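Report on the following structure.
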Amino acid sequence: MKVFGIETSCDDTGVAIVNDQHTILSQALYTQREEHAQFQGVVPEIAARAHLNRLPDLCDKVLADAGLTLNDIDAFAATAGPGLIGGVMVGLVTGKTFAAMTGKPFIGINHLEAHILTPRLTFPELTFPFLVLLVSGGHTQIILAKAYRDYTLLGATRDDAAGEAFDKTAKLMGLGYPGGPALEVLARDVPDGAKAAADLGLPIPMLNAPHCDFSFSGLKTAMRNRMVKHGAATLPPAFAAQLASGLQYCIAQSLADRVRVALQHPECRKLNGIVVVGGVAANQTIRSALEDVATAHGTQLYAPPMSLCTDNGVMIAWAGVEAMRHGLIDTLDLAARPRWPVSELRRAV
Ligand code: KG4
Ligand code: ZN
């Protein structure tokens, strides 16, 4: 079974063809860096137009690369939400059109569920239940994935997402968007993140709090205050590296601590793994902090390859494969949803 997937919910235009044997037959991605660079954040209207411009060529490319035509595809999957509504509609209408043209099934995918399911593409041995830390530019959530379409939200951010904490701080430091990758590179010059954080007096948000929620706005403010106190218009490179290293350490420790608390949930006793997904999962310091937590709990950390951590078409195609396996297809009047918590998916089974 071959599923064609389309992702357009934020600033990545992603298309892929994946089969039910866990093979990625082809994939193409366009990341809208230049379009949004001068705004240092994603502009929804510009994103939607860029998806519209790029999608046709990307669709042609994945078909050509896989040596297939539209008629060889068994189902068409597209992100139906949550996300920026203009972009979501572009991908959704494209997927529906292909389905209507070929008479094949259409599946509207929840973008968050696609992130949750991605490790099952790359690690076929990963079975439910597993704990998911979803950390991206728009979301920071801990989800208990008990079974397919049975997801319980254990905790979420009360203000900024982890990726936003990286992006907003990077903006203050003049590093451009997205900030996470640039901050990770900068932080390499100051390997002792704990010392950098202690020297700067940065807090580890929510440390030891008896719930699984996150908060990053206080850390962001602390970062801004350190920069203001320093006074210089441009930060000296050594100080910038110390800031990056301290921030990365505090975010990594906060995420690890929240996962540690989530693992005390009675239903987390028999887990088959801990999964980290979303763009921030590309960060090596964060991965290794989470590996320590998983090892202490006697379980394993599953992190998909970096190219599958950030938004892409492969994850949508794979979520389509999983839906098809359960016989879950949608009608062509399915609406795009700007908000769509994963806990609401349960009713759909
Ligand atoms: O999942 P994703 O591609 O989509 C959005 O939610 O937009 O995540 C993007 C986020 C951005 O905030 C970016 O700064 C962050 O992931 N990110 C990173 C790294 N790579 C991407 N954060 C920290 N370290 C990284 N290496
Ligand atoms: Zn995402």
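In degrees, nearest 10, range 0 to 90: what is the angle between the Cα axis of helix 85-102 and the longest Cα principal axis of the chain? Between helix and principal axis, roughly 20 degrees.
Each 5 Å bin from zero up to the one holding the largest Cα-Cα distance in the range 224-292 carries the following percent of pairs: 3, 14, 20, 18, 13, 12, 8, 5, 4, 3, 0. Return one number: the angle in degrees, 0 to 90 and rounded to the nearest 10, between the long axis of the Cα atoms of helix 217-230 and the longest principal axis of the Cα atoms of the chain. Helix 217-230 sits roughly 50 degrees off the main axis of the chain. For a quick check of your reading of the filter: which trypsin sites (Lys or Arg not before Pro) in the range 259-335 sit in a DSSP loop and have no more than 14 other Cβ atoms within 10 Å? Those that pass, being in a loop and sparsely packed, are Arg269, Lys270.
Counting only DSSP beta bridges with both residues in the chain, the antiparallel share comes to about 60 percent. For the chain, a Gaussian network of Cα nodes joined below 10 Å ranks Leu255, Leu29, Leu70 by mean-square fluctuation, and the top entry is Leu70. Enclosing the Cα atoms of the chain in their convex hull gives a volume equal to 124 cubic angstrom per residue. Give the shape of the range 282-349 as rounded, prolate or oblate, defined through the alpha-carbon gyration tensor: a ≥ b ≥ c are the square roots of its eigenvalues, a/c under 1.5 means rounded, and otherwise the shape is prolate if a/b is larger than b/c and oblate if not. Prolate, because a/c is 1.5 or more and a/b exceeds b/c. The distance between label points at Arg49 and Glu291 comes to 4.5 nm (points 7 Å beyond Cα on the Cα→Cβ vector).
Once the chain from Asp57 to Arg158 is taken as fully extended at 0.36 nm per residue, the excess over their C-alpha distance is 32.4 nm. Each Lys or Arg adds one and each Asp or Glu subtracts one; over the other residues with Cβ under 15 Å from the Cβ of Ala289, this totals -2. Helix 44-66 and the long axis of the chain differ in direction by around 60°, with both axes built from C-alpha atoms.
Which of Ile142, Ile204, Ile46 moves most in a GNM of the chain, Cα contacts under 10 Å? Among Ile142, Ile204, Ile46, the largest GNM mean-square fluctuation belongs to Ile46. The loop-placed chymotrypsin sites (Phe, Trp or Tyr not before Pro) in the range 1-53, going by DSSP, that have at most 14 neighbouring Cβ atoms within 10 Å of their Cβ come out as Phe39. Listed cross-link partners Lys195/Lys229; Lys104/Lys146; Lys2/Lys146; Lys2/Lys270; Lys146/Lys168 are compared with a 22 Å cut-off, the Cα-Cα value being larger for Lys104/Lys146; Lys2/Lys146; Lys2/Lys270; Lys146/Lys168. Normalised by the number of residues in the chain, the mean separation of alpha-carbon contacts (under 8 Å, six or more apart) gives a relative contact order of 24 percent.
For Asn225 and Thr69, the FRET efficiency from 1/(1 + (r/R0)^6), where r spans their Cβ atoms and R0 equals 56 Å, is about 0.45.
The numbers here are math on the coordinates, done by the rules we state, and not lab data. Bear in mind that the values here come from a model prediction, so they are computed numbers and not experimental data. Because the Cβ atoms are built from the backbone with ideal geometry, glycine has one as well, and the counts that use them run over all protein chains shown.
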